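S.K.: Before I ask anything, let me first share the structure, which is written out below as structure tokens.
The values are calculated or read from the model by the stated rules, or taken from the named source; none is laboratory data. Since this is a predicted model, take the numbers as computed values, not measurements. Cβ placement follows ideal geometry from the backbone for every residue including glycine, while neighbour counts extend to all protein chains displayed.
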Amino acid sequence: MKTGKLTREIIFVETVEALAEEGVRFFTEVVEGAVEARGRCMVALSGGSTPRKMHALLAQKPYCSGIPWSKVHLCWGDERCVSADSRWSNYGRAREDLLDNIDIPIGNVHPMPGHLLPEEGALRYEKEIPEAFDLVFLGLGADGHTASLFPDHSALEERKRRVVPVTGGDPDVPRLTITFPVINKARNVVFLVSGKEKAEMVKSVIEDHEPHLPASHVLPASGSLTWMLDREAATLLSKETIGA
Ligand code: 6PG
């Protein structure tokens, strides 16, 4: 039920496989609601390695057959400015894991223009993304970054532009990223986080709300914020948080 204010939820699952299933369940649920309410669903996919299992599962029956792909638009929250055939391309990997295996109209797939000069790509993509996403998937870096919003970067302060060029991360290449105004305007934001190497950062963001960590500033104004964590990523969380 939409309350006009931020709703927060933490979902704990045992394994990275169960994390993929939870992601697919949530995706399917949001698509259903958005299509019913607005006739289409605007989704921003995350980059990195964690969502790959979810993308691959989403492409499998029966999951993919339950999705009205003609009404789903897929965008990206960030991209490395490399060719789509590069192993570093978020779009390229999603194409392999998901897009090549589902029946989605090509006009519904909106890769970030990583082949253009970053500034040009950012200005162009800003016009392509919706006023508000129905669903934004995010990952969490071990340094607390999310999308390609890195600690101490000026992009964290951006309040007007919706897509900006940045550099940094691993690989340290020019990138495009949506900004906090876009993330925090979304109807649903989901962090998919797996592995013990992320446990410290999960605690710092969820429990300690460390202000210098970019992920701490993901606070959708009137949307839902859902953390999906596997057991390892949740290792350092307190009983209160886990029990809440
Ligand atoms: C990127 C990502 C980035 C990612 C985190 C977590 O393009 O690099 O969007 O924000 O989500 O770095 O990456 P892993 O899932 O690979 O740990």
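S.K.: Mind listing just one residue for me: the one in segment 171-181 that is free of Cβ contacts under 8 Å to residues at least 60 places away in the same chain and under 17 Å from the mean Cα position of the chain (by Cα) and, of those, surrounded by the fewest Cβ atoms within 10 Å (Cβ to Cβ)?
M.R.: In this case the residue turns out to be Pro181.
S.K.: Also: Of everything in segment 171-221, what is within 16 Å of the ligand (Cβ to nearest atom) and either on the phi > 0 side of the Ramachandran plot or among the aromatic types (Phe, Trp, Tyr) (or both)? Give them in sequence order.
M.R.: Phe180, Phe191, Gly195
S.K.: Is it the case that some residue within segment 233-241 is at pLDDT below 95 and of a type in the set (Val, Ile, Thr)?
M.R.: yes
S.K.: Determine, yes or no, whether Gly114 is touching an Asp or Glu at 6+ places or on another chain (Cβ under 6 Å), surrounded by 16 or more Cβ atoms within 10 Å (Cβ to Cβ) and either of a type outside the set (Lys, Arg) or at pLDDT 95 or above (or both).
M.R.: Taking the combined requirement at face value, the residue satisfies it.
S.K.: Mind counting the residues in segment 33-68 that are among the hydrophobic types (A, V, I, L, M, F, W, C) and within 30 Å of Pro165 (Cβ to Cβ)?
M.R.: 9
S.K.: If I ask for residues that are within 15 Å of the ligand (Cβ to nearest atom), surrounded by fewer than 19 Cβ atoms within 10 Å (Cβ to Cβ) and within 28 Å of Lys160 (Cα to Cα), which ones from segment 92-111 would you list?
M.R.: none
S.K.: Name the residue, out of Ser89, Ser49, that is of a type outside the set (A, V, I, L, M), crowded, with 17+ Cβ neighbours inside 10 Å, under 17 Å from Gly169 (Cα atoms) and within 11 Å of the ligand (Cβ to nearest atom).
M.R.: Ser89
S.K.: Here's another thing I want to ask about it. Got a sec? Which helices (runs of 4 or more DSSP H) wholly within segment 104-220 have at least 2 residues that are farther than 21 Å from Arg80 by Cα and touching a strand residue (DSSP E or B) at 6+ places or on another chain (Cβ under 8 Å)?
M.R.: The qualifying helices (runs of 4 or more DSSP H) are 199-206.
S.K.: Taking the stated definitions as given, is Val43 farther than 20 Å from Leu229 by Cβ, surrounded by 17 or more Cβ atoms within 10 Å (Cβ to Cβ) and of a type in the set (A, V, I, L, M)?
M.R.: yes
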